[in-house]
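Step one of this worksheet: look at the structure below.
The values are calculated or read from the model by the stated rules, or taken from the named source; none is laboratory data. Values in this document were obtained by computation on a predicted structure and should not be read as measured data. Here the Cβ positions follow ideal geometry from the backbone for every residue, glycine too, while neighbour counts run over all protein chains shown.
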Amino acid sequence: MDEPVLLVVDVGNSNVSIGIFDYTNKEADLSHHWRLSTHREQTSDELLISLIALFDQEGRHTDEVTDVIISSVVPPVIPIWERVTTKLLGRVPQIVGPGMKTGMPVRYENPHEVGADRIVNAVAAYELYGGPIIAVDFGTATTFDCISERGEYIGGVICPGIHISMEALFDKASKLHRVEIARPRSVIGKTTTSALQSGLLFGYSGMVDSMVIRIRKELGENAKVIATGGLARRIAQESSVIEEVVPFLTLEGLRILFEKNL
C-alpha cells in the first residue's frame, strides 16, 4: 500500500498557504510548500488548474494526494476548495471548525469567534513546544495567541498587520509614499523613506515587545514566544522577546489536527 500524501491548505484574507506532507513509516515530512494570493472570485476550475501547475513544477501529480485538510478565515472560499479537493479525491476534505477534535480546550467566552487559523497555530505551538506559550502570527492582522501550561487556549490579541497599517497611512497622507519594509541606518530618519522605515520596523517590533511583556504578566513570565508569518523573521531580528521563528507553523498545525482526527 502506498504511503499517505497529505495536502494542507490555509486560506487567509490575503494569501493561501499550501503544503504537501509525505508520510514514510508514519513520519511526516513537509516536502513542498507554496503561497498564493487569495481570490474570492476564483472558480473551482481555475483553482484546480493552479493546483495542478504547482504540482507539475515540482514533478508531482495531484493523483498522489490521499487526504486533504483545510482551514479558512474566508468562508465564501471554503465551498470552492471543497469542490476542488472532491475532484481530486472523490470525497470531501476535513475542514477545521466546530466538531473537529483539537485536544485543546478553548477558554474564549464564545469559542466560535476564534478564527480557524488561530486554533491551528495554537495547537501546533503547544504540540511542538509545550506551554505556556505565545504564538505571534504576522499576517493581514498580527495575532498573539496564548496557550496555558495545561494546553488551554485562553485568548489573545489582534492588531492591524504591518501592511494594513502602512496602506492606511499612505491612503490618508497624500505626501507619503510606499516604502520597502527594511532596516534603516538609524532610528532617527534623515529622509522621508528612512523615517517611514523606522516607524514601521522599529515601531512595530516595539509594539510586539510591549504586548508580550503585558501578556506575560497574565500568562506567566516563563511563556515562550514564537513567531510565524511573512514578516516574522524581519520583526524577530529587531525584537527582544521573540525566541524562535517557525515559518510553517500553520501548515504543521493542520498536519497535527489531521492526525488527531483520523
Picked from the range 79-94 (must be among the aliphatic types (A, V, I, L, M) and surrounded by 18 or more Cβ atoms within 10 Å (Cβ to Cβ)), the residue farthest from residue 155 (Cα to Cα) is 88
The residue that is surrounded by the most Cβ atoms within 10 Å (Cβ to Cβ), considering only those in the range 245-262 that are assigned by TED's automatic domain parsing to the domain that holds residue 162 and free of Cβ contacts under 8 Å to residues at least 40 places away in the same chain, is 245
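So that you can scan it fast, the table gives a plain yes or no per residue for (1) under 30 Å from residue 98 (Cβ atoms); (2) not in a helix (DSSP H, G or I):
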| residue | (1), (2) |
| --- | --- |
| 180 | no, yes |
| 189 | no, yes |
| 194 | no, no |
| 203 | no, no |
| 208 | no, no |
| 236 | no, no |
| 257 | yes, no |
Does the range 215-235 contain any residue that is of a type in the set (Ser, Thr, Tyr) and surrounded by fewer than 19 Cβ atoms within 10 Å (Cβ to Cβ)? no
| query | Does residue 228 qualify as being among the hydroxyl-bearing types (Ser, Thr, Tyr), under 29 Å from residue 8 (Cβ atoms), modelled with pLDDT under 95 and under 15 Å from the mean Cα position of the chain (by Cα)? | reply | no
